Amino acid sequence: AMWQRQVESFRKVADSSACKRVKISLEWKPTDERSRFSNVPSTAAALLLVREVGRENMGLTLDVGHMILAGENPAQSVELVGRANKLFGIQLGDAYSRLGAEDGLAFGSTNPIAALELMYWLQEVDYRGIYYFDTFPENEDPKRECQHNIRRARHLYKRAREARRQGTLPQLQRAHDALSILQLLQDSLGV
């Protein structure tokens, strides 16, 4: 009953005269500190909801921290939503994988290889939307953290573009050569 109410509610919003020409983007979250449960706890559930709503102006904003907390590979989630042409926004940040506690760390700080792979797949799906930073600079200077996030995102985007130009990653993937893929990613990061 709850799922169908969500579908019907989003349809009403998407069809309303106020929103007909507006993109409506759902940002799902696996859990919350207060509730511990979510009606839409994963990229797959969110994509299913969007498909059932069935409106062109309804899509998703993916949050890197939320994907990590849900145990997802952010790059894979971007690929799934991008292939469906429903990626309306991306929130860049980072997190440890502790369900129920959103860390809001600087982008690529704890999962740099995943951040690089994410940038690779954003390019693969030809994402041209808005990039947001979703971090919580509680002890840091917010301006410096924002500047850091921008530099880091640009750097990783450039490295991912260089890796795509090399064209070796698809070959390595087809060969299931995980160690060579890891080396390519580490080389791209300068590790």
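The values are calculated or read from the model by the stated rules, or taken from the named source; none is laboratory data. Small disclaimer: the values here were computed from a predicted structure and weren't measured. We place every Cβ from the backbone using ideal geometry, glycine too, and count neighbours over all the protein chains shown. The protein model used for the area step is the full one, side chains on, heavy atoms only, and it has no ligands, DNA or RNA in it. Shrake-Rupley method; radii C 1.70, N 1.55, O 1.52, S 1.80 Å.
Tell me, which residue of region 84-106 that is open to solvent by 50 Å² or more (accessible area, probe 1.4 Å), over 17 Å from ILE130 (Cα atoms) and not aliphatic (A, V, I, L, M) is modelled with the highest pLDDT? Taking the candidates together, the pick is TYR96.
Taking first residues from region 48-62 that are within 16 Å of GLN4 (Cβ to Cβ) and open to solvent by 10 Å² or more (accessible area, probe 1.4 Å) and partners that are among the hydrophobic types (A, V, I, L, M, F, W, C) and assigned to a helix (DSSP H, G or I), the Cβ contacts under 6 Å between residues at least 6 apart in sequence or on separate chains come to GLU52/VAL7; ARG55/ALA14. Considering only residues in region 4-15 that are more than 22 Å from ILE90 (Cα to Cα) and in contact (Cβ under 8 Å) with a residue 40 or more places away in the chain, the one that is least open to solvent (accessible area, probe 1.4 Å) turns out to be VAL7. Every listed requirement among (1) of a type outside the set (Lys, Arg); (2) open to solvent by 40 Å² or more (accessible area, probe 1.4 Å); (3) more than 13 Å from the chain's Cα centre (by Cα); (4) closer than 15 Å to ASP63 by Cα is met by CYS146 save one, (4). Taken over region 107-117, the criterion of being assigned to a loop (DSSP other than H, G, I, E, B) and open to solvent by 40 Å² or more (accessible area, probe 1.4 Å) is satisfied by SER109, THR110, ASN111. Flag not set for TYR120, criterion: in a strand (DSSP E or B) and touching a residue at least 24 places away in the same chain (Cβ under 8 Å).
Selection of region 165-182 for residues being open to solvent by less than 90 Å² (accessible area, probe 1.4 Å) and not hydrophobic (A, V, I, L, M, F, W, C) yields GLY167, THR168, PRO170, GLN173, ASP177, SER180.
Scanning region 16-38 for residues that are surrounded by fewer than 14 Cβ atoms within 10 Å (Cβ to Cβ) and either of a type in the set (S, T, N, Q) or on the phi < 0 side of the Ramachandran plot (or both) turns up SER16, SER17, ALA18, LYS20, ARG21, VAL22, ASP32, GLU33, ARG34, SER35, PHE37.
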